[in-house]
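Notes for the one structure printed next.
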Amino acid sequence: MDEPSANTQSLPAGTRLEEFVIERVLGSGGFGITYLARDTALGRQVVIKENLPVQFCFRDTHSLTVSPRHSHGEDAENFLWSLENFSKEAAMLASLDHPGIVKVLRSFEAFGTAYFVMPFVEGVALDELMKQHEGKPFTEVELRRLLELLLPALGHLHERGIYHRDIKPGNILISNDGVPALIDFGSARQQLSERSMTVIESPGYTPFEQQQSRGNVGPWSDLYALGGTLVKALTGEAPPKAMDRAVGDSWIPLAQRVDLSARYSTGFLAGIDRSLAFRTEERWQKAEEWLATLQGKFSAEMPAPEPERTQRTKASPLPARFPGEKSNPLLWIIAGCVVLGLGVWAMIGSSGKVEDASVQRERAAEQQRLAEVATVRAARAEERAARAEQEQQALHAHAKAKEEAAAKAEQERLAATAAKAEQQRLAEAAAKAEQQRVAGAAAKLEQQRLAEAAAKAEQQRVAGAAAKMEQERLAATAAMEEKQRVAGAAAKLEQQRLAEAAAKLEQKRVVAAAKASGRFFTMGSTKDEVLAIQGTPDSIIGTSFSYGYSSVNFQGDKVSSWSNISKNLKVQLAPAP
């Protein structure tokens, strides 16, 4: 199965992670993807790094969830291990506080993997800056200033037992203010590669010990990578791969190259050469050592600035040129002697006359000076040749030792592979035994479940029969109570009917008596009927009303008495009981 590319596995623009919204991809590799995002809560741009080792996992393009390529086995274990180390790296970076190191603001998990957030620094990576220079090397002033800012940052890391492990031009960010910062630490990736027995290398920058499973990694490893970065800035090319230098190292130290000696001071080049020594014990052991040597030799060995580079340096994002830089006087002395000697010989050839004593003395003195210069240069050449021979012999001895170490490492690897295979066999046997045990336990549990289900069904049947009997009993009781309620209601209705009939008879008796007196005008027997005949009353007081000279009293809703004042007739009936 082919491994998917990290570029095709990135989150699409507009994806929301917590309070952040993805804008675009800044970079990607085999172990993760870096995004430019916007913090919607604070209204600023940030950089988000995502843990995505495509060797062990993949992203579902529909759900965007990241999962191990295999749910069981090494892929699943390595992916979980990568999550743990990614979170540890985030916590480590969050604890650092140095202007030369980009700090982590926070970390979180989403879509099945882990992320951490860093501030977005406007600037350009050193490798991009090299491209903008169109192959022209940087000045010593620029590179010294770069070193003076990066070495303290590395010292800050190394004091805490932390190593970057992936310093190269692409991982050095130069801000718009000219301040370099280290980004994209390779510590977690290196540990993951060691766990999965894969090799991670940035050719020309990764030292040999970092490619070994138990290599002697230390501050000198990061300083080797920093030296390789400076070589790229000086020559336009990275040093050869460390593995190629193990046998028959053809690397020529920078201080021995004539083209570089004419442009850079010997001390500066020698410092870079020391950082790139193949043997770890021959390199700078601490960043502070290199920095102290660099600053101590700066004023005495700085070469003259190049006229054609002066204008370009002003526009460079690298730190500004140091004041008081000096040129190398030896080159100018040699050049002056050569010109003077040629002039003397030209004068002799053109005149053809015998020079006087003073001219002869000057010519002899000049020739003597030239001879002394030639002698010094020859001695230096012999010294360099002897040193190169010694280094070559040391490299041959080192190469032999490396071959023996490589053979031993291969034996250890084979032994480790055999041990791992044995562990897998034992693990499979144990897993098979566990499966059988689990199957037996499952069968026993199934029998228990069936027995419990049968018992429960019987209980439900008995309970159902009992419930049915109870329902029948309750229904009979409810029917009896309903009969009693109906009988009571009927009796009550009968009482009300009899009472209403008696009241009606009494009313009729009163009306009949009034009519018999011949002094009663017709009106209704209820309140509504009286109001309909008499019209709107002038007043209503209690259970009576008056209209003109007439008044009517009620008992409840029925007429209880009335009077007609206009006829001087008043009939007062006793109220109903």
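Could you check how many residues of the stretch 105-138 are among the charged types (D, E, K, R) and under 29 Å from H62 (Cβ atoms)? Summing the residues that are among the charged types (D, E, K, R) and under 29 Å from H62 (Cβ atoms) in the stretch 105-138 gives 2.
Applying the criterion of at least 1 residues that are within 20 Å of L143 (Cβ to Cβ) and open to solvent by less than 50 Å² (accessible area, probe 1.4 Å) to the helices (runs of 4 or more DSSP H) found wholly in the stretch 242-296 leaves 258-261, 266-275, 287-296.
Out of A41, A37, A110, A91, which single residue is open to solvent by 30 Å² or more (accessible area, probe 1.4 Å) and either of a type in the set (K, R) or more than 25 Å from G161 (Cβ to Cβ) (or both)?
Going through A41, A37, A110, A91 in turn, just one is open to solvent by 30 Å² or more (accessible area, probe 1.4 Å) and either of a type in the set (K, R) or more than 25 Å from G161 (Cβ to Cβ) (or both): A41.
Does L426 satisfy the condition of being under 18 Å from H72 (Cα atoms) and assigned to a helix (DSSP H, G or I)?
Against the criterion (under 18 Å from H72 (Cα atoms) and assigned to a helix (DSSP H, G or I)), L426 qualifies.
Restricting attention to the stretch 108-126, does a residue exist that is in contact with a Gly (Cβ under 9 Å, 6 or more places away or on another chain) and aliphatic (A, V, I, L, M)? Yes, because at least one residue in the stretch 108-126 is in contact with a Gly (Cβ under 9 Å, 6 or more places away or on another chain) and aliphatic (A, V, I, L, M). Looking across the stretch 60-87, the residues that are charged (D, E, K, R), over 16 Å from the mean Cα position of the chain (by Cα) and under 18 Å from F111 (Cβ atoms) come down to D60, R69, D75.
One line per residue, one yes/no per condition, for (1) modelled with pLDDT under 90; (2) in contact with a helix residue (DSSP H, G or I) (Cβ under 7 Å, 6 or more places away or on another chain):
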{"site": "E134", "(1), (2)": "yes, no"}
{"site": "E140", "(1), (2)": "no, yes"}
{"site": "L150", "(1), (2)": "no, yes"}
{"site": "H156", "(1), (2)": "no, no"}
{"site": "E159", "(1), (2)": "no, no"}
{"site": "P169", "(1), (2)": "no, yes"}
{"site": "I172", "(1), (2)": "no, yes"}
{"site": "D184", "(1), (2)": "yes, yes"}
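Among the residues of the stretch 155-187, count how many are of a type in the set (S, T, N, Q), in a helix (DSSP H, G or I) and open to solvent by 30 Å² or more (accessible area, probe 1.4 Å). Spell out the reasoning first.
Going through the stretch 155-187, the residues of a type in the set (S, T, N, Q) turn out to be 171, 175-176, 187.
Add one more test, that the residue is in a helix (DSSP H, G or I), and what stays is 171, 187.
After this cut, where a residue has to be open to solvent by 30 Å² or more (accessible area, probe 1.4 Å) as well, the list is none.
Qualifying residue count for the region: 0.
Among the residues of the stretch 10-25, what is the count of those that are among the aliphatic types (A, V, I, L, M), in a strand (DSSP E or B) and in contact with a Lys or Arg (Cβ under 9 Å, 6 or more places away or on another chain)? Count: 2. Is it fair to say K402 is at pLDDT below 70 and either in contact with a helix residue (DSSP H, G or I) (Cβ under 9 Å, 6 or more places away or on another chain) or on the phi > 0 side of the Ramachandran plot (or both)? Considered against the rule, which asks whether it is at pLDDT below 70 and either in contact with a helix residue (DSSP H, G or I) (Cβ under 9 Å, 6 or more places away or on another chain) or on the phi > 0 side of the Ramachandran plot (or both), K402 comes out as yes. Under the condition of being at pLDDT 95 or above and either among the small types (G, A, S) or in contact with a His (Cβ under 9 Å, 6 or more places away or on another chain) (or both), the residues counted in the stretch 15-48 number 1. Quick check, is P152 in a loop (DSSP other than H, G, I, E, B) and over 15 Å from the mean Cα position of the chain (by Cα)? Here the answer is no, as P152 does not meet what is asked.
On the stretch given as the stretch 133-149, residues that are of a type in the set (V, I, T) and not in a helix (DSSP H, G or I) total 1.
Residues considered: Q496, Q424, Q436. Of these, the only one that is polar (S, T, N, Q) and open to solvent by 100 Å² or more (accessible area, probe 1.4 Å) is Q436. Looking across the stretch 225-247, the residues that are out of contact with any helix residue (DSSP H, G or I) (no Cβ under 7 Å at 6 or more places or on another chain) and farther than 20 Å from Q210 by Cα come down to T235, G236, E237. Residues that are under 21 Å from L126 (Cβ atoms) and of a type in the set (D, E) were ranked within the stretch 197-241; the one that is most open to solvent (accessible area, probe 1.4 Å) is E237.
The values are calculated or read from the model by the stated rules, or taken from the named source; none is laboratory data. Just so it is clear, the model here is predicted, and its values are computed rather than measured. Heads up, the Cβs are rebuilt from the backbone with ideal geometry, glycines too, and the neighbour counts pull from every protein chain shown. Only protein heavy atoms, including side chains, enter the accessible area calculation; ligands, DNA and RNA are left aside. Shrake-Rupley method; radii C 1.70, N 1.55, O 1.52, S 1.80 Å.
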